[in-house]
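Worksheet: the structure to be examined is printed underneath.
The values are calculated or read from the model by the stated rules, or taken from the named source; none is laboratory data. This structure is a prediction, so every number in the text was calculated from the model and none was measured. Neighbour counts are summed over all protein chains in view; Cβ atoms, including those assigned to glycine, are modelled from backbone coordinates with ideal geometry. Side chains included, ligands, DNA and RNA excluded: accessible areas come from the protein's heavy atoms. Shrake-Rupley method; radii C 1.70, N 1.55, O 1.52, S 1.80 Å.
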Amino acid sequence: MPPGITLAADTPQLSAANTGFMLICSALVMLMTPGLAFFYGGMVRVKSTLNMLMMSFISLGIITILWVLYGFSAAFGTDHGGFVGWNGHFLGLSGIGLTQLWPGYTIPIYVFAVFQLMFAIITPALISGALADRVKFTAWALFITLWATVVYFPVAHWVWGTGGWAFDLGVIDFAGGTAVHINAGAAALGVILVIGRRVGFKKDPMRPHSLPLVMLGAGLLWFGWFGFNAGSWLGNDDGVGAVMFVNTQVATAAAMLAWLVYEKLRHGTFTTLGAASGAVAGLVAITPSGGCVSPLGAIAVGAIAGLLCAMAVGLKFRFGYDDSLDVVGVHLVGGVVGSLLIGFFATGGVQSDAKGLFYGGGLGQLGKQAAGVFAVLAYSLVASAILAFLVDKAIGMRVTEDDEVSGIDRTEHAETAYDFSGAGGGATPRNVALVAPVEEHAQARKVDA
């Protein structure tokens, strides 16, 4: 996403078409957060379903308010030293003219701000999948408030803000490979290292309780991702957004197929959970790279990401970190893969004239990508671990072991996802069998224990 680049030599005029398009894209990106909630909600055990949904939904509330108050200013205000922005007119979105355009573009600042808001909302929500079953809801709310302020807003400025150091270096991140996915994946790993494993990790079967919910969530994510990616060019005037739309579809399909082939060869089956996870891996990988590769390049990006992410999800068992729903394996690894592959597959003929190694560009762009990738990874990992440690010391991050075992939905929300009390008559053996926890019958992902 290049917010500081002017698309035309003439002074831009407000475009009703581009404005309408970007409002639709903003709504599509907003839909991704409920989609993520369903995707994660189906992957956990039945006793944690509502908590998983709420960990995504609360981001819609908290991050929206922070963004209006100061987040937009910190991310996209006037640069200060390449690390953070600030603009008093953006505080509270109160000093912005009704038709005042985002510099160099044909859409109002309000439209750009709301589009970017949806990115800010979903990024901390992504982290939640790694922390399933064991985090206090109040601690989670406090953590994402601090994390957005200390990590997301500055990193967004580095990558997309005019004057941001990564932006000026020439790091390409069309729609969020570094700012969103690597950022969230590294943060997830940092928090995991602080709060520890779930009770029963590597011992108890922690199967997804509803694969239909997982598939629904993946479908909503795939649908919304077209707004996430194609909208990130901030208009429809030169065809770049159209290429990004096509590449989003192509890479996602390739990644899903690659993941399924790996599953079949490694474990002997094609799973629905594998199909959903593979699709998300492809969406993650094409997010930074789709504006600078060809459709054939998108197939390569998707296939490589699908294969590597499928392999990466088993690393948590080898190294002993409890990434509940594979945020590290999919979002961190997928974001790194997609960002670095720009250095190989960039054609120089779509988003910019930057060329990758396979198109005669040498190693220069790969070096720039690596600098952005590993700087964001390191900063988010360390800062997130420190924030989690501080929250843990202040109010405690984890629920008690008894509460975790009995179910976080009941203890944190006083609700359950499914009420079977009206399913039949008395508690006969037959009725008990009918309402046995569905996670005992859900299909499990076969992992390398």
(request) Let me know the whole percent of all Cα-Cα pairs from the chain that are separated by more than 31 Å. (result) 38
(request) Show me 173-179, 326-332, 305-311 ranked by packing, highest mean number of other Cβ atoms within 10 Å first. (result) 173-179, 326-332, 305-311
(request) List, in order, the whole-Hz ³J(HN,Hα) value for each residue of the stretch 360-376 obtained from phi through the Karplus relation with A = 6.51, B = -1.76, C = 1.60 and θ = phi - 60°; use x for Gly and Pro. (result) x, x, x, 9, x, 5, 4, x, 5, 4, 4, 4, x, 4, 7, 5, 5
(request) Using Cα positions and a limit of under 24 Å, work out the lysines in reach of Lys203, with same-chain residues fewer than 8 apart set aside. (result) Lys47, Lys136, Lys316, Lys446
(request) Just order 375-386, 272-283 by mean Cβ neighbour count inside 10 Å, highest at the front, would you? (result) 272-283, 375-386
(request) Could you tell me the accessible area of Leu216 in Å² (1.4 Å probe, neighbours in place), rounded to the nearest ten? (result) 80
(request) Would you mind working out the accessible area per residue for the stretch 17-409, using a 1.4 Å probe, and quoting it in Å²? (result) 32
(request) List the residues whose amide H sits under 5 Å from the amide H of Thr78, counting only those 5 or more places along or on another chain, with H placed 1.01 Å from N in the peptide plane. (result) Trp86, Asn87
(message) Relative contact order of the chain, please, whole-number percent, based on alpha carbon pairs below 8 angstrom and at least 6 residues apart.
(response) 22
(message) Given Cβ point charges of +1 (Lys, Arg) and -1 (Asp, Glu) and nothing else, what value in debye, to the nearest 20, does the dipole of the stretch 17-409 about its Cα centre take?
(response) 760
(request) Could you list which residues have their amide H under 5 Å from that of Arg398, counting only those 5 or more apart in sequence or on another chain, with H placed in the peptide plane? (result) Lys136
(request) Enumerate the calculated ³J(HN,Hα) couplings along the stretch 100-112 in order (Karplus 6.51 cos²θ - 1.76 cosθ + 1.60, θ = phi - 60°), each rounded to whole Hz, writing x wherever the residue is Gly or Pro. (result) 5, 8, 5, x, x, 10, 10, 10, x, 4, 4, 5, 4
(message) Tell me whether the stretch 155-292 comes out rounded, prolate or oblate; compute the Cα gyration tensor, take square roots of the eigenvalues as a ≥ b ≥ c, and use a/c under 1.5 as the rounded threshold.
(response) oblate
(message) Calculate the FRET efficiency for Thr99 and Ala371 from the Cβ-Cβ distance with a Förster distance of 35 Å, rounded to the nearest 0.05.
(response) 0.40
(request) At a 1.4 Å probe radius, which order do Arg410, Arg398, Arg266, Arg45 fall into by accessible area, largest first? (result) Arg410, Arg266, Arg398, Arg45
(message) In Å and on Cα atoms, what radius of gyration and Dmax does the stretch 370-421 show?
(response) 17.5, 56
(request) List, in order, the whole-Hz ³J(HN,Hα) value for each residue of the stretch 279-290 obtained from phi through the Karplus relation with A = 6.51, B = -1.76, C = 1.60 and θ = phi - 60°; use x for Gly and Pro. (result) 4, 5, 4, x, 4, 4, 5, 7, 4, x, 9, x
(message) Which of the three applies to the stretch 294-388, rounded, prolate or oblate, going by the alpha-carbon gyration tensor with a ≥ b ≥ c and a/c under 1.5 meaning rounded?
(response) oblate
(message) What's the ranking of 12-19, 139-146, 235-242 by average number of surrounding C-beta atoms within 10 Å, highest first?
(response) 139-146, 235-242, 12-19
(request) Could you check how much of the accessible area of the chain is carbon and sulfur, as a whole percent, using a 1.4 Å probe? (result) 67
(message) Can you give me the C-alpha center-to-center distance between the stretch 308-355 and the stretch 54-72, rounded to a whole angstrom?
(response) 26
(request) Report, in whole Å, the centroid distance computed from the Cα atoms of the stretch 82-142 and the stretch 265-284. (result) 31
